[in-house]
Amino acid sequence: MSAALEAGWPVELRDARSYLPYQLTRRVSGRMGKCPSRWAGGRLYPVSPQAQAHHLRFAEALALWQIGRADGIGFVLDERTPVVAGQPLCALDLDDVIVNGQLLPSAAVLVDELNTYAEVSVSGGGLHLLAASTVAPGARRGKVNDLSVELITTGFLAITGVRWPETPPEIALRRAELAQLRRDLDPGSPPPCFRPAARPVADVLSALLGQRNGTKVRRLLIDGDTSGYPSPSEAVFAAARLIAWRTRDAGVIEVLLRESPLYTSRWERPVAAGRTWITHTVYRALSADRKGVHQ
């Protein structure tokens, strides 16, 4: 697959110092996770994708894969970093949309609308669409025409270079289309305790991973590991409190939770005071006594 990546990955992204190798690790759920890593001392070490000191150029990361030092490589998205036409890179992650070699109709519509570089995911059953634009704060996962969609603006994306047939080889600028997609994912107005992030989300995540309890943060927000908690809901609340130790910005907390593997569609159900479950959970975390969180 490294040959496909070398041949098919968009030219305009190759000079960016935004790549990391990854190693496959089995999560508690049984699924294989792709752990961003750095190469040092003859082995790979897990690393926060926001740790820019470890980022590589495309050719450097690809070489590690080609000589068998990694299971693959990925691109680090950062909403603060312009990549194409002065805009950051956004990725649409569509899981399980390729069946018997054909796209589901709803996915085919989205591919046609965006008309940008699209590649088959590592699993072979999903699709990544890459486009350039800034995106307003808010929901990053949800349903669009009954299709499960995740919009990634900050994070790590495992890449393949296996371009979907008849899609462009380059990254398109898609401001209007991505703005509409964001509205489709979250059509309502922001709930009372949600406000736009005052501090870049990537900065907060990097700080959380670097603090004394960074291992606990990584387990929840990067690996989605809820073992040791009475229920998934308790794990989400614990994650919210961990983030609240670093920032009191409800917008930042909610975005970090939504972009983590902990997310499920049940977070969107309405609860007390006109809030969804997740916004109410963030409210509870901010209201809780912070004593003992940073343990």
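Put a dot 7 Å past the Cα of Leu24, heading toward its Cβ, do the same for Ala136, and the two dots end up 4.1 nm apart. Here the residues Ser233, Ser287, ranked from fewest to most Cβ neighbours within 10 Å of their Cβ, fall in the order Ser287, Ser233.
Legend: ranking of residues Asp249, Asp203 from fewest to most surrounding C-beta atoms inside 10 Å; resulting order Asp203, Asp249. In the P(r) worked out for region 201-287, what percent of Cα pairs fall beyond 20 Å? Everything past 20 Å amounts to 26 percent. Split the chain at each of the GluC sites (Glu not before Pro) in a DSSP loop with at most 14 other beta carbon atoms within 10 Å, and the longest piece is 1-165. Using a Gaussian network model of the chain in which every pair of alpha carbons under 10 angstrom is joined by a spring, one finds that among Leu127, Leu103, Leu256 the greatest mean-square fluctuation is at Leu103. Between Ala7 and Ser287, the simple label model (points 7 Å from Cα in the Cβ direction) yields a spacing of 5.9 nm. Annotation: the residues Thr81, Thr264, Thr116, Thr276, sorted from fewest to most other C-beta atoms within 10 Å of their own C-beta, follow the order Thr264, Thr81, Thr276, Thr116. Once the Cα-Cα distance is subtracted from the 0.36 nm per residue extended length, the Gln180 to Gln66 segment shows a gain of 37.1 nm.
Throughout, read-outs are computed from the coordinates displayed, never taken from laboratory work. The structure presented is a predicted model; accordingly, all values stated were derived computationally and were not measured. In this analysis, Cβ positions are derived from the backbone assuming ideal geometry, glycine residues included, and neighbour counts consider all displayed protein chains.
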